[in-house]
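Peer 1: Sending over a structure as structure tokens; questions will come in a sec.
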Amino acid sequence: RPAPGALAPAAAHPVDPAAEQVELPPARPLETDVRTALRDRRSSFGRFDAQQPVTRPQLAACLAAAVAGSRLGGDTGDVRLAKLYVFVSHVEGVEPGSYAYDPERRSLRRVKEGRPGEFLQRNYFLANYNLEQAGAVLVPTVRTTAVLDAVGDRGYRLVNATIGAVAQSLYTAASAVDLGCGVALGFDNISYIEELGLDGTGEAPLLIMMIGNERPAPADFRYEIA
């Protein structure tokens, strides 16, 4: 069994303090009860609608929840394995571009300017989402090789558990702040490494997690009367 502190060398890198900082407001409170949030969460698929942007408090709530989900229990201490990036397309008061999330300051650090929609769609392999219509796309990364070096094969379980917890935390928070959400694996992670400037960091993008408002009155399945 690895000793306490064994994961420290695999911790997520801190954000670049020299990068331009974009402040976020306090996160929108998650006032929905847990049962309702869990029941209402679902994958948005093709329902995203860019005509109604995501608000900054909604984005702040989703980012904070995703990071909170990345914390490991047990004797790992304060080691955080996952780092979060976000491609902003349609968020009120935030310029389109790619950013790293600073969990300590609850702010964004700019990585690259410009609308990311064309890049996102080009590097998505499936046809069930129009990523250009999502308000933002969150990307968790983990230094997977460093985790395996630190704790051996059990690192695979740690990485998968961490990323799964991040995704489920985001799904639940998005439901609580009235946003649609979708998580996907079918993307070109090498292109994401290049786009985010992760060459040499050991960070591997493991999921893309879309959030945004949905078209009004979409078709739905009423499971309670089925």
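Only the coordinates and a few stated rules stand behind these numbers; no lab work does. Since the model is a prediction, treat every value here as computed from it, not as a measurement. Positions of Cβ are generated from backbone atoms using ideal geometry, with glycine treated the same way; all protein chains shown enter the neighbour counts.
Peer 1: From the convex hull of the Cα coordinates of the chain, what is the mean projected area in square nanometres? Mind dumping the intermediate values first?
Peer 2: Details: hull surface 53.1 nm².
Over all viewing directions, the chain projects a mean Cα-hull area of 13.3 nm².
Peer 1: What number, in percent, do you get for the relative contact order of the chain if the mean sequence gap of Cα pairs under 8 Å and at least 6 apart is divided by its residue count? Could the numbers behind the result be given before it?
Peer 2: Working: 456 pairs, mean separation 63.2, N = 226.
Computed value for the chain: 28 percent relative contact order.
Peer 1: In addition: Can you give me the angle between helix 56-69 and the longest principal axis of the chain, using Cα atoms only, in degrees from 0 to 90, rounded to the nearest 10?
Peer 2: 40
Peer 1: Shifting gears a bit: Could you work out the local net charge near residue 194, counting Lys and Arg as +1, Asp and Glu as -1, over the other residues with Cβ closer than 13 Å to its Cβ?
Peer 2: That works out to -2.
Peer 1: Under the rule of at least 5 residues apart or a separate chain, name every residue whose amide H is placed under 5 Å from the amide H of residue 107.
Peer 2: Here the answer is 102, since their amide H atoms fall under 5 Å of that of residue 107.
Peer 1: Do you know the relative contact order of region 1-83, to the nearest whole percent, from alpha carbon pairs under 8 angstrom that are 6+ apart?
Peer 2: 51
Peer 1: Please work out the C-alpha center-to-center distance from region 157-175 to region 91-125 and express it in whole Å.
Peer 2: So the separation of the two Cα centres works out to 20 Å.
Peer 1: Which order do the peptides 126-133, 53-60 take when ranked by the mean count of other beta-carbon atoms within 10 Å per residue, highest first? Each step should come with its number before you reach the end.
Peer 2: Values: 126-133: 16.6, 53-60: 22.0.
Top of the packing list down: 53-60, 126-133.
Peer 1: Now for a separate question. Applying a 10 Å radius around every beta-carbon, put 4-16, 79-91 in order of their mean neighbour count, most first. Please report the intermediate quantities before stating the final value.
Peer 2: Values: 4-16: 16.1, 79-91: 23.4.
Per-residue mean Cβ counts within 10 Å order the peptides as 79-91, 4-16.
Peer 1: What are the residues whose amide H is under 5 Å from the amide H of residue 204, where those residues sit 5 or more places off or on another chain and H is modelled from the backbone?
Peer 2: 142, 143, 144
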